[in-house]
1. Specify the residue that is surrounded by the most Cβ atoms within 10 Å (Cβ to Cβ); the eligible residues are those in region 153-179 that are of a type in the set (Gly, Ala, Ser) and assigned to a loop (DSSP other than H, G, I, E, B).
2. What number of residues within region 33-58 are farther than 30 Å from Val172 by Cα, of a type outside the set (D, E, K, R) and at pLDDT 85 or above?
3. All but one of (1) within 20 Å of the chain's Cα centre (by Cα); (2) among the hydrophobic types (A, V, I, L, M, F, W, C); (3) not in a loop (DSSP other than H, G, I, E, B) hold for Leu90; state the number of the condition that does not hold.
4. Please find, within region 340-387, the residue that is surrounded by the fewest Cβ atoms within 10 Å (Cβ to Cβ) out of those that are small (Gly, Ala, Ser) and in a strand (DSSP E or B).
5. When both residues are 6+ apart or on different chains and their Cβ atoms are under 6 Å apart, which pairs have a first residue that lies in region 94-117 and is surrounded by fewer than 16 Cβ atoms within 10 Å (Cβ to Cβ), and a second that is part of a helix (DSSP H, G or I)?
6. In region 128-151, which residues are touching a strand residue (DSSP E or B) at 6+ places or on another chain (Cβ under 9 Å) and in a loop (DSSP other than H, G, I, E, B)?
7. Is it true that His103 is over 19 Å from the mean Cα position of the chain (by Cα) and part of a helix (DSSP H, G or I)?
8. For region 184-219, name all the residues that are touching a residue at least 24 places away in the same chain (Cβ under 8 Å) and more than 22 Å from the chain's Cα centre (by Cα).
Amino acid sequence: MKGPFVVVCLTLYLLLYTGCVSFDAQYKGEWQRSEKTSDPYFSVYLIGDAGYAPVDSSTIVFDHLKKELDAEDANSAIVWLGDNIYPIGLAPPSNPYHLLGKHRLMAQLETMSDFQGSKFFVPGNHDWYTYGRVGLRREELLVDSVLAESPNPNKQQNFFIPDKGCGDPQIVSLKEDISLLLMDSHWFLNEKARSGDMEVCDVKNPKQYIEKLQSEIISQKDKALIVASHHPPYTYAHHGGKFSFSDYLFPFTQVVNWLYLPLPLSGALFNRVRLRISEQDVYHPRYKQYKAKLIDALQAKGRSIVASGHEHTLQLIENQEQYFIVSGAGTKQNEVTLGKGSKFAIGQKGYVRILFKNSKRALVQFIVPGYFEEYNNVAFETMIELD
């Protein structure tokens, strides 16, 4: 009887422990809906993990996003926050996976066919997988060639940043008092991504990466700043150590989505080990270093916005005098919970829009197409103040 009793007790414990993880909208405290700014000072759209579009059908998120983008003028921008192609990077044209990867990237590019604003892509870990820097460069060239033919009143010349598989943090000016810092966080986290010839890169090792990251942030001290990369410093879903009951019962589905092998006793151990051996999770030493150095620089600069994908959720977290936006639900979704500093979280597909009233004040909206239709699909919004 002892064995079954232990299994039952562990199962009940996990049910209690994971009870808050959900696909549903979760809010911390009271909040009120604001009137949409009719003529914002500047608009920024954030969407990540959008590289899983189905073949021969549109997606409700992309359809909704395109309508919003079509209505914007040049006083706007969009940032695609990595994992632009799933599950691997862009294969060579001779490979049977090339057409699928190209389709998934083109689905994103086509949402911007009539968009007048600035357009940016950063890489994620899946963009690196299998084909490494060569595949990433193929993706970069496709993005740049297609967007070069799109509306371009801002005379933008570079759309995929950083270039050539480098990690280089780079500042882009959106307006005279609003800046965007783009970088490849996977390059810093993953040793293999940093291998090979670095002569074309300004940053050649992790130490130089941190030094440039910090100097670029400090240089924007008198401006509103959005830091955009793939990996979130804070998150309260898979990569942040928050798992569902199913993840504990069938832990291998996190590796192979069809592998439903029940392991109720070892699932908890599997998840704890995963968090410390995978550089894709926030408890890994290299990830913790990335987070700490980034936040150190931001605190020296003043209150800013950090935008990331990676986690297939929408989240707003306010910690250490910074606003952390997770917008990684472009084509995938995952369960999520609230954690320290959380203001909002939802495990549904969608994206984020920031409507700047001026460089010091902005309305952040979390948009979930198909839900909250009476509110124009806005699941949550809040006004934020920037230093």
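The values are calculated or read from the model by the stated rules, or taken from the named source; none is laboratory data. Since the structure is predicted, the reported quantities are computational estimates derived from the model, not experimental observations. Heads up, the Cβs are rebuilt from the backbone with ideal geometry, glycines too, and the neighbour counts pull from every protein chain shown.
1. Within region 153-179, the first condition is being of a type in the set (Gly, Ala, Ser), and the residues that meet it are 165, 167, 173, 179.
Checking which are assigned to a loop (DSSP other than H, G, I, E, B) leaves us with 165, 167.
Numbers: Gly165: 25, Gly167: 27.
Looking at residues that are of a type in the set (Gly, Ala, Ser) and assigned to a loop (DSSP other than H, G, I, E, B), I get Gly167.
2. Restricting attention to region 33-58, the residues satisfying the condition of being farther than 30 Å from Val172 by Cα are 33, 54-58.
Next, from what is left, pick out any that are of a type outside the set (D, E, K, R): 54-55, 57-58.
Subsequent filtering for residues that are at pLDDT 85 or above retains 54-55.
Counting residues in region 33-58 that are farther than 30 Å from Val172 by Cα, of a type outside the set (D, E, K, R) and at pLDDT 85 or above gives 2.
3. Result: Leu90 passes all but (3).
4. From region 340-387, those small (Gly, Ala, Ser) are 341-342, 345, 347, 350, 359, 362, 370, 379; that's our starting set.
Within this subset, residues satisfying the condition of being in a strand (DSSP E or B) are 342, 345, 362, 379.
Values: Ser342: 22, Ala345: 32, Ala362: 28, Ala379: 19.
Looking at residues that are small (Gly, Ala, Ser) and in a strand (DSSP E or B), I get Ala379.
5. Qualifying pairs under 6 Å: Asp114/Asp70.
6. Of everything in region 128-151, just one residue is touching a strand residue (DSSP E or B) at 6+ places or on another chain (Cβ under 9 Å) and in a loop (DSSP other than H, G, I, E, B), namely Ser150.
7. Values: over 19 Å from the mean Cα position of the chain (by Cα): yes; part of a helix (DSSP H, G or I): yes.
Spelling it out, His103 is indeed over 19 Å from the mean Cα position of the chain (by Cα) and part of a helix (DSSP H, G or I).
8. Across region 184-219, the qualifying residues are Gly196, Met198, Val200, Cys201, Asp202, Val203, Ile218, Ser219.
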